[in-house]
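One structure is given here, and the rest of the page talks about it.
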Amino acid sequence: MIKKQIQEEKSSFEKAVSVRRVTKVTKGGKRFAFSAFVVSGDQQGNVGIAIGKGKDVSAAIAKATVRANKQRITIPMRNTTVPYNVEGYHGACKVVIRSASKGTGIIAGGAVRAVMEALGIKDILTKSIGSSNNINVVKATLNALSKLRSVKHIAKLRGKTVQEITGKNNVAAE
């Protein structure tokens, strides 16, 4: 069990997208704390996000990381990119995600880049339009990614085989 946990930690990717100092005003004065927004993934197609608060930065990041690991969702991928182009929205933010050919790299801003690196996507084109708030950008990115479906899932929904959907004879189910 310990070996499995160590292997899990090695393959895990966490990035603090935003760390802010927050203040609670009381009758006796101001109390300062920190809020951290973290993106966590296993670089195998699973990603999670969370916010944590604590008296110091490290406690806030640790809380957010634990929550993000518990809330991971699985995103279908095609090799090192996404299967098809999608758009996601959250608040006044819109994120456009386009699949890219091998060798393109991650063409994305800071918040979207953190999500793509956590997922393990190596080739992608993205554009963030509207609000530049990091939390809204990440949530819009996850909204777009949650719209993706694998070829196997689409074939099942349509009542067809993967070969009928792709039009290829020797396709391994992705």
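The values are calculated or read from the model by the stated rules, or taken from the named source; none is laboratory data. On a predicted model such as this, the values are computed, not experimentally measured, just so you know. Cβ placement follows ideal geometry from the backbone for every residue including glycine, while neighbour counts extend to all protein chains displayed.
Table: residues versus (1) part of a strand (DSSP E or B); (2) farther than 19 Å from residue 116 by Cα; (3) at pLDDT 95 or above.
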position	(1), (2), (3)
3	no, yes, no
7	no, yes, no
10	no, no, no
15	yes, no, no
24	yes, yes, no
44	no, no, no
47	yes, no, no
If you go through the stretch 124-146, how many residues are surrounded by 19 or more Cβ atoms within 10 Å (Cβ to Cβ) and farther than 15 Å from residue 49 by Cβ? 3
Give the residues of the stretch 11-64 that are polar (S, T, N, Q) and within 27 Å of residue 78 (Cα to Cα), sorted by residue number. 11, 12, 40, 43, 44, 46
Taking the stretch 20-43 and keeping residues closer than 27 Å to residue 152 by Cα and either aliphatic (A, V, I, L, M) or loosely packed, with under 13 Cβ neighbours inside 10 Å (or both) leaves none
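For every residue, the table says whether it meets (1) touching a helix residue (DSSP H, G or I) at 6+ places or on another chain (Cβ under 9 Å); (2) hydroxyl-bearing (Ser, Thr, Tyr); (3) under 28 Å from residue 162 (Cβ atoms).
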position	(1), (2), (3)
12	yes, yes, no
41	yes, no, yes
51	yes, no, no
54	yes, no, no
63	no, no, no
66	no, no, no
75	yes, no, yes
The residue from 112, 47 that alone is surrounded by 12 or more Cβ atoms within 10 Å (Cβ to Cβ), touching a residue at least 60 places away in the same chain (Cβ under 8 Å) and either within 13 Å of residue 138 (Cβ to Cβ) or in the same structural domain as residue 152 (by TED's automatic domain parsing) (or both) is 47
Scanning for something crowded, with 16+ Cβ neighbours inside 10 Å, in a loop (DSSP other than H, G, I, E, B) and at pLDDT below 95, does the stretch 50-73 turn up at least one residue? yes
Scan the stretch 13-44 for residues that are within 19 Å of the chain's Cα centre (by Cα) and over 18 Å from residue 67 (Cα atoms) and report the count. 1
Scanning the stretch 12-44 for residues that are of a type in the set (A, V, I, L, M) and in contact (Cβ under 8 Å) with a residue 24 or more places away in the chain, which turns out nearest to residue 80 (Cα to Cα)? 39
